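The structure follows.
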Amino acid sequence: DGLTEVSVLRVGTLGTFRGEKKVALRPGSYVVLGKRQGYRDTRQTLVVSPTQAPPTLEVRCREAL
């Protein structure tokens, strides 16, 4: 949405962006965090498998405080 700051814990910050952003990750489990001032943070678990297609996530803070 261009307003939510996205980061992958223990990997790094991706920042804010509109549209799609691809990130190369090793197989495993990751926590994706979205932050936006005045909104509730969002967390999603991402599981990357070596045998399946890469998953797609939508990370957006929608709940205003």
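Within the set of pairs 6+ apart or on separate chains, which have a first residue in segment 50-63 that is farther than 16 Å from R40 by Cβ and open to solvent by 100 Å² or more (accessible area, probe 1.4 Å), a second that is at pLDDT 90 or above and of a type in the set (V, I, T), and C-beta atoms under 9 Å apart?
Hits for this filter: P54/V48.
A further question on this structure: Within segment 1-14, which residues are in a loop (DSSP other than H, G, I, E, B), in contact with a strand residue (DSSP E or B) (Cβ under 6 Å, 6 or more places away or on another chain) and surrounded by 12 or more Cβ atoms within 10 Å (Cβ to Cβ)?
T4
Another one. Look through segment 15-49, keep the residues that are under 19 Å from E5 (Cβ atoms) and among the basic types (K, R), and return whichever of them is surrounded by the most Cβ atoms within 10 Å (Cβ to Cβ).
R36
What about R36, is it farther than 20 Å from A64 by Cα and either among the basic types (K, R) or at pLDDT 95 or above (or both)?
In short, no.
The values are calculated or read from the model by the stated rules, or taken from the named source; none is laboratory data. For clarity, every value in this text was computed on a predicted model and none was experimentally measured. Glycine gets a Cβ as well: all are built from the backbone with ideal geometry, and neighbour counts include every protein chain shown. In case anyone asks, the SASA skips ligands and DNA or RNA and just uses the protein heavy atoms, side chains included. Shrake-Rupley method; radii C 1.70, N 1.55, O 1.52, S 1.80 Å.
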